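The values are calculated or read from the model by the stated rules, or taken from the named source; none is laboratory data. On a predicted model such as this, the values are computed, not experimentally measured, just so you know. FYI the Cβ positions are ideal-geometry reconstructions off the backbone, even for glycines, and counts take in every protein chain you see. Note: areas computed on protein heavy atoms with side chains; ligands, DNA, RNA excluded. Shrake-Rupley method; radii C 1.70, N 1.55, O 1.52, S 1.80 Å.
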Amino acid sequence: MRVGVITFPGTLDDVDAQRAVRYADGEAVPLWHGDHDLKGVDAVVVPGGFSYGDYLRCGAIARFAPVMQEVIEAANKGMPVLGICNGFQILAEAHLLPGALVRNHKLHFVCRDQWLKVENNSTAWTTRYDQGAEILVPLKSGEGGYQADAQTLETLEGEGRVVFRYVGENPNGSRNNIAGITNAKGNVVGLMPHPEHAIDALTGPTDDGLGMFLSLLDSVVKA
Amino acid sequence: MTVDTVKNAESTPDQEQPYKELGLKDDEYARIKEILGRRPTDAELAMYSVMWSEHCSYKSSKVHLKYFSETTTDEMRSKMLAGIGENAGVVDIGDGWAVTFKAESHNHPSYVEPYQGAATGVGGIVRDILAMGARPLAVMDPLRFGKPDAPDTKRVLPGIVAGVGGYGNCLGLPNIGGEVVFDETYQGNPLVNALCVGAMRVEDLHLAHASGTGNKVILYGARTGLDGIGGVSVLASETFDDSAGKRKKLPSVQVGDPFTEKVLIECSLELFEKGIVVGIQDLGGAGLSCATSELASAGDGGMHVWLERVPLRATGMTPAEILSSESQERMCAVVEPANVEAFMEVCRKWDVIATEIGEVTDGDRLVITYHDEVVVDVPPRTVAHEGPVYNRPIQRPADQDELQANTPDSLPKPAKDELLELIKSQAASPNLASKRWVTQQYDRYVRGGTVLAQPSDSGMIRIDEETHRGVALSTDCNGRYTKLDPYEGARLALAEAYRNVAATGATPVAVTNCLNFGSPEDPAVMWQFEQAVKGLADGCVELGIPVTGGNVSFYNQTGSTAILPTPVVGVLGVIDDVRRRIPTGIGAEAGETLLLLGETKAEFGGSEWAHVVHGHLGGLPPKADLQREKLLGEVLVAGSRDGMVSAAHDLAEGGLAQALVETCLIGETGARVFLDGDLFTELFSESAGRVLVAVPRTEEQRFTDMCTARALPWRKVGVVDPESNALEIQDLGSLPLDELREAWEGTLPALFD
């Protein structure tokens with residue numbers, strides 16, 4: 001399994017995403033923001049950070065990077081794509097996922113270990129989890145509040161496209177406690193929390209996040 | 001704009017210059033004239049005035065700081081690859097890795113402009129580490145604030161915390177520790193110290209120097225602007241004609257752009273990796289003045305800089321302004337001519353602006369021209385390394401005896417039935433309360449190497465993913481102890497930071513410091529400083545670990561009152577396998593026994609109890625026994641290595657009571673405690689050299705046998721009780737963990753949300 005991990009100027013969690021891919025026995029392939037091809041990878045992770053300094057609006061500039069045009073095209077053809085934190089913001093800006101991420105309701109950056117409920121275990125990135133399972137992974141963001149209009153929310157909820165939901169106190173004011181969503185096909189997933197920081201209890205709160213990368217392995221092998 | 005050239009300076013020897021406004025004394029100005037054989041140009045005056053400032057020249061502290069190197073033995077120095085005088089100290093930690101770490105103060109800017117002051121403090125120390133050739137890996141921030149409920153603290157604290165987080169988070173460095181302490185002496189002068197640690201392969205160490213005639217000097221990173229020019233702006237108003245003199249100045253606190261710094265780091269690391277950098281220097285305080293004079297001074301030749309080549313972000317900047325601008329996110333490299341194109345290529349990849357601004361010459365002068373006119377022509381050492389040195393008067397304060405005589409012995413002690421409530425109310429006091437409100441604004445996970453972070457005793461990061469080698473870091477200082485006895489206070493800070501590192505299973509190997517004091521012109525402050533330096537240096541000799549670098553910040557005072565003397569001490573430890581780290585919270589293993597290592601005496605001078613309950617500061621601080629600390633450290637490391645210790649937490653402010661509260665709450669596990677002797681002393685004394693450890697019952701005999709054999713006093717003080725969800729103290733009663741958590745975690749949100 002070859003998994004591309006994109007680095008934009010200002011990307012921070014690319015090394016972590018690469019490590020998570022390796023922990024799931026995949027090969028991590030670094031992709032540069034200026035690349036015009038995806039080097040034959042089977043899937044792509046758009047990692048967290050502050051691409052282009054989060055100037056203008058989180059993800060708004062990265063969305064236009066050459067490599068993203070390739071990602072958009074591949075995602076529309078069904079390639080598994082995972083956006084974590086800033087990566088989720090970029091996928092939303094790229095319209096691969098609906099809605100937007102806004103400033104946390106208490107206006108502070110929040111870094112904490114966060115319980116999530118797995119609401120959909122049929123996407124390319126979540127098959128290793130039990131439906132309804134609760135996992136503990138880090139959340140660390142200043143603009144993680146998920147916002148969408150009522151109709152979009154209704155569609156997401158109605159089609160089971162909410163993948164992860166915050167358990168307990170809402171950490172950032174997200175609508176419907178939404179932590180992560182998927183597209184209609186289930187190949188593109190975006191979430192604010194960081195599964196790549198929870199692949200080993202030595203350096204994370206748990207290894208609960210590894211399941212996402214192992215799930216990918218299953219979907220790539222099946223395909 | 002008229003430019004003050006060397007030629008002009010020679011022909012107008014009597015022109016008045018605003019040296020006083022720039023902070024230079026009469027005799028300092030006279031010395032500059034003597035060095036140059038003429039009056040300095042505006043640009044030279046700007047250079048000398050910033051480089052000879054207290055902050056850059058250490059002119060009041062130099063004579064005392066010598067004591068650190070004088071007392072460091074060859075044996076202590078054996079693991080040091082670079083030390084005091086370099087941008088940061090470097091230590092060989094094994095497996096081919098070198099680790100570099102340093103702390104710096106950004107106190108005054110952070111009071112004026114909390115967010116940017118704190119942010120650029122982080123940015124500056126990170127560039128210092130980068131300039132050693134290392135990848136910066138983690139930061140930590142020891143902070144001091146005024147009274148927690150004062151209105152101005154509500155302006156200063158949230159801004160500083162947001163600035164530390166805003167910059168560090170966006171830079172992608174985990175924040176793994178630090179301190180938050182309140183005391184009214186910091187009301188008009190908060191302390192913002194920033195520490196950064198980085199690592200490199202031993203062979204990749206880069207020292208700042210410019211050698212090799214013909215080598216090119218390249219400035220890369222952000223453009224140079226009018227921000228952070230500070231005092232030098234008076235030059236402009238003196239020399240500009242009227243219309244230009246009305247130009248609006250930007251704030252003298254620099255503005256940071258962490259995104260640019262992140263790109264600068266990655267770009268620099270790629271340059272180092274390609275081996276195309278001869279010398280490197282970051283631009284921090286004093287900007288280009290500092291970088292060019294230090295590079296030239298440390299090299300073997302002279303340097304010529306063409307100032308008009310510096311990329312600017314403001315129009316009409318004078319040479320003096322360009323030289324002293326403290327615009328952030330800039331670095332200066334010395335590169336062989338053949339490698340310039342390769343250098344530029346890497347910079348283009350990262351979209352980093354890079355400009356060849358000068359070259360190394362075979363002379364011994366630093367010559368700076370501006371559009372072909374010479375504006376600076378100086379011997380670089382006189383700017384960078386041969387600044388004034390002062391032997392300031394020293395006088396033990398007249399009221400020191402009175403302060404020490406005012407012991408806490410006569411303070412009313414709580415009755416036995418008040419002790420439980422005191423444990424809780426003390427845990428809720430601002431200095432002991434959970435700092436989660438602060439630390440949850442910092443990313444502690446990025447880069448995936450964080451093994452321990454706040455609220456652990458030390459931060460710990462993995463350096464090598466294959467061998468699992470890592471380092472632990474802790475900073476500490478109790479300003480109240482230091483006020484009562486600066487010599488002992490500094491030793492206590494060292495002892496605690498050392499103990500914190502050992503409590504996580506790491507072996508302490510090196511020390512850095514950030515010495516925050518009042519005005520050096522006050523003989524009483526200089527006495528505190530001298531005593532603290534001696535205490536720290538002598539303590540390091542006792543422990544056998546070297547001071548590898550440090551920072552001095554003077555003139556910290558609220559009105560005319562100096563801050564509590566605050567020599568923050570940072571200790572670096574090495575752990576050969578981070579998987580055997582000892583956590584701070586109990587409950588990791590089923591069936592643990594609680595042991596108290598060390599001895600408890602009735603020591604309440606400067607204690608949290610005296611402060612919180614009685615508002616009292618007097619007497620003598622606890623005694624630090626550094627041989628005992630060393631033994632304690634060895635026992636903890638041995639316990640970690642042999643899997644005998646499942647949790648450890650050092651006893652410090654708040655004594656055993658606070659250590660119990662924290663170990664239970666962090667581990668989310670209850671405990672039953674039984675103590676004998678005077679319960680108040682047992683629970684609240686702040687005797688040094690003590691650690692609370694949890695050992696699995698199966699290891700209890702082996703561990704206590706080891707302690708006995710090595711003559712380390714130990715006592716069984718309780719058992720971990722996963723069923724109870726309470727801290728139960730025999731003869732006193734039970735404190736439910738929920739209630740304790742509310743007390744411990746509720747204070748800061750109630751003050752600052």
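Numbers at a glance
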item	result
Filtered residues of the range B:71-113 (kept if without any contact (Cβ under 8 Å) to a residue 60 or more places away in the chain and in a helix (DSSP H, G or I))	B:74
Residue in the range A:146-166 that is within 14 Å of another protein chain (Cβ to nearest Cβ) and either of a type in the set (Phe, Trp, Tyr) or buried (at least 17 other Cβ atoms within 10 Å of the Cβ) (or both) present	no
Residue selected from the range B:451-474 under the condition of a type outside the set (A, V, I, L, M) and open to solvent by less than 10 Å² (accessible area, probe 1.4 Å), by the criterion nearest to the other protein chains (Cβ to nearest Cβ)	B:470
Flag for residue B:444 being at pLDDT 95 or above, more than 19 Å from the chain's Cα centre (by Cα) and over 19 Å from residue B:616 (Cα atoms)	no
Which listed residue is closer than 24 Å to residue A:186 by Cβ, crowded, with 24+ Cβ neighbours inside 10 Å and touching a Leu at 6+ places or on another chain (Cβ under 8 Å), from A:46, A:21, A:67	A:46
Counted residues, the range B:411-454 - those being acidic (Asp, Glu) and in contact with a Lys or Arg (Cβ under 7 Å, 6 or more places away or on another chain)	1
Odd one out for residue B:402, checked against (1) buried (at least 19 other Cβ atoms within 10 Å of the Cβ); (2) more than 26 Å from the chain's Cα centre (by Cα)	(1)
Near pairs, Cβ below 7 angstrom, 6+ apart or cross-chain, from the range A:66-87 (over 25 Å from residue B:445 (Cβ atoms) and touching a residue at least 60 places away in the same chain (Cβ under 8 Å)) to any residue that is of a type in the set (D, E, K, R) and open to solvent by 40 Å² or more (accessible area, probe 1.4 Å)	A:78/A:185
Filtered residue count, the range A:74-130, keeping only those that are among the hydrophobic types (A, V, I, L, M, F, W, C), farther than 19 Å from residue A:212 by Cβ, assigned to a loop (DSSP other than H, G, I, E, B) and open to solvent by less than 20 Å² (accessible area, probe 1.4 Å)	1
Enumerated strands (runs of 3 or more DSSP E) restricted to the range B:646-753, each holding at least 3 residues that are of a type outside the set (A, V, I, L, M, F, W, C) and within 22 Å of residue B:456 (Cβ to Cβ)	none
Among the residues listed as B:626, B:631, B:572, the single one being at pLDDT 95 or above and in contact with a strand residue (DSSP E or B) (Cβ under 7 Å, 6 or more places away or on another chain)	B:572
Any hit, the range B:500-511, residues being within 14 Å of chain A (Cβ to nearest Cβ) and either touching a residue at least 12 places away in the same chain (Cβ under 8 Å) or not hydrophobic (A, V, I, L, M, F, W, C) (or both)	yes
Residue A:5, sole failed condition from (1) open to solvent by less than 50 Å² (accessible area, probe 1.4 Å); (2) β-branched (Val, Ile, Thr); (3) more than 14 Å from every other protein chain (Cβ to nearest Cβ)	(3)
Residue that is modelled with the lowest pLDDT [pool: residues in the range B:273-288 that are in a helix (DSSP H, G or I) and either over 24 Å from residue A:9 (Cβ atoms) or open to solvent by less than 20 Å² (accessible area, probe 1.4 Å) (or both)]	B:287
Selection within the range A:170-213 - touching a residue at least 40 places away in the same chain (Cβ under 8 Å), open to solvent by 30 Å² or more (accessible area, probe 1.4 Å) and within 12 Å of chain B (Cβ to nearest Cβ)	A:200, A:205
Unmet criterion (only one of (1) surrounded by fewer than 24 Cβ atoms within 10 Å (Cβ to Cβ); (2) modelled with pLDDT of 95 or more) for residue B:213	(2)
Residue that is nearest to residue B:620 (Cα to Cα), among those in the range B:666-692 that are open to solvent by less than 10 Å² (accessible area, probe 1.4 Å), touching a strand residue (DSSP E or B) at 6+ places or on another chain (Cβ under 9 Å) and hydrophobic (A, V, I, L, M, F, W, C)	B:683
Which listed residue, of B:596, B:572, is buried (at least 24 other Cβ atoms within 10 Å of the Cβ), in contact with a Leu (Cβ under 7 Å, 6 or more places away or on another chain) and hydrophobic (A, V, I, L, M, F, W, C)	B:572
Search result, residues across the range A:92-145 that are polar (S, T, N, Q) and away from chain B (no Cβ under 14 Å)	A:120, A:121, A:122, A:123, A:126, A:127, A:131
In the range B:77-96, residue modelled with the lowest pLDDT [restricted to those that are crowded, with 20+ Cβ neighbours inside 10 Å and in contact with a helix residue (DSSP H, G or I) (Cβ under 8 Å, 6 or more places away or on another chain)]	B:87
Top-ranked residue in the range B:156-192 [being of a type in the set (Phe, Trp, Tyr) and part of a helix (DSSP H, G or I); ranked as nearest to the other protein chains (Cβ to nearest Cβ)]	B:167
Candidate set from the range B:501-513 (those that are touching a Leu at 6+ places or on another chain (Cβ under 9 Å) and part of a strand (DSSP E or B)); member that is most open to solvent (accessible area, probe 1.4 Å)	B:509
Subset of the range B:435-450 that is open to solvent by 30 Å² or more (accessible area, probe 1.4 Å) and among the charged types (D, E, K, R) - its residue that is farthest from the other protein chains (Cβ to nearest Cβ)	B:435
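Table: residues versus (1) surrounded by fewer than 24 Cβ atoms within 10 Å (Cβ to Cβ); (2) part of a helix (DSSP H, G or I).
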residue: B:515; (1), (2): no, no
residue: B:519; (1), (2): yes, no
residue: B:527; (1), (2): yes, yes
residue: B:548; (1), (2): no, no
